[in-house]
């Protein structure tokens, strides 16, 4: 995989101040040569440490992040991560253009259709001929490396994300659970992630105890 580069037009870098509802960040754009996708890092404070940097690596979810869908917990996780970074006073959110666990928006909505007919989230992807999870976090490690971030405190429930980042040279010092947005509309979705994909969400959080 080619290393990403900061997407630039002439002499003007894609690096700017970004006021948000969660506080002010800096936004930087990184271009992935292999896919042509632009990924984003939202930054607060100095990334040099020495403590592990609070980091959230978040894959794009148009329905959850932009439209507030309750079929997943993505939008709630995004909001919570940004709030936590502000509470910590520093940190980084890497936003990856990997819609639908890497299968794209069109296939993701097709998978929703199959879920409406009774398939679970993993079965639907497989029925469409896609992997259960096609995401690759190598690009996230490249972005973090470009920012000088080597040691991270990673906000995630997904052990595969931890393993992939470690395999790409990022020192994940600890995994910080990010269990938010659990509701009636996504209990089945979250249960599948726990039971079939190894995500770390407590039975109590899922209402199963």
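The values are calculated or read from the model by the stated rules, or taken from the named source; none is laboratory data. If you're wondering where the values come from, they're calculated on a predicted model, not measured in any experiment. Neighbour counts are summed over all protein chains in view; Cβ atoms, including those assigned to glycine, are modelled from backbone coordinates with ideal geometry.
See the values below:
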| read-out | value |
| --- | --- |
| Which numbered condition residue 165 fails, given (1) outside any helix (DSSP H, G or I); (2) under 20 Å from residue 91 (Cα atoms); (3) touching a helix residue (DSSP H, G or I) at 6+ places or on another chain (Cβ under 8 Å) | (1) |
| Test for residue 145: is it out of contact with any helix residue (DSSP H, G or I) (no Cβ under 8 Å at 6 or more places or on another chain), within 30 Å of residue 47 (Cβ to Cβ), surrounded by fewer than 21 Cβ atoms within 10 Å (Cβ to Cβ) and in contact (Cβ under 8 Å) with a residue 24 or more places away in the chain | yes |
| Selection count where residues are part of a strand (DSSP E or B) and either modelled with pLDDT under 95 or within 18 Å of residue 59 (Cβ to Cβ) (or both), scope the range 138-162 | 4 |
| Of all residues making up the range 1-24, the number that are in contact with a helix residue (DSSP H, G or I) (Cβ under 8 Å, 6 or more places away or on another chain) and either modelled with pLDDT of 90 or more or surrounded by 16 or more Cβ atoms within 10 Å (Cβ to Cβ) (or both) | 4 |
| Filter result for residue 88 (surrounded by fewer than 20 Cβ atoms within 10 Å (Cβ to Cβ), closer than 26 Å to residue 30 by Cα and free of Cβ contacts under 8 Å to residues at least 12 places away in the same chain) | no |
| Residue 170 being under 21 Å from residue 43 (Cα atoms), surrounded by 19 or more Cβ atoms within 10 Å (Cβ to Cβ), in contact with a strand residue (DSSP E or B) (Cβ under 8 Å, 6 or more places away or on another chain) and in contact (Cβ under 8 Å) with a residue 60 or more places away in the chain | no |
| Among the residues listed as 112, 95, the single one being within 30 Å of residue 183 (Cβ to Cβ) and touching a strand residue (DSSP E or B) at 6+ places or on another chain (Cβ under 8 Å) | 95 |
| Residues being touching a residue at least 40 places away in the same chain (Cβ under 8 Å) and crowded, with 18+ Cβ neighbours inside 10 Å - total across the range 91-107 | 9 |
| Test for residue 83: is it at pLDDT below 95 and assigned to a helix (DSSP H, G or I) | no |
| Pair list, Cβ < 7 Å and 6+ apart or interchain, from the range 189-209 residues that are at positive phi and without any contact (Cβ under 8 Å) to a residue 12 or more places away in the chain to residues that are outside any loop (DSSP other than H, G, I, E, B) and loosely packed, with under 12 Cβ neighbours inside 10 Å | none |
| Subset tally (residues that are buried (at least 18 other Cβ atoms within 10 Å of the Cβ) and not in a helix (DSSP H, G or I)) for the range 121-137 | 4 |
| Residue check, residue 140 within 18 Å of residue 99 (Cα to Cα), touching a strand residue (DSSP E or B) at 6+ places or on another chain (Cβ under 6 Å), surrounded by 17 or more Cβ atoms within 10 Å (Cβ to Cβ) and touching a residue at least 12 places away in the same chain (Cβ under 8 Å) | yes |
| Of all residues making up the range 37-61, the number that are in contact with a helix residue (DSSP H, G or I) (Cβ under 6 Å, 6 or more places away or on another chain) and free of Cβ contacts under 8 Å to residues at least 60 places away in the same chain | 4 |
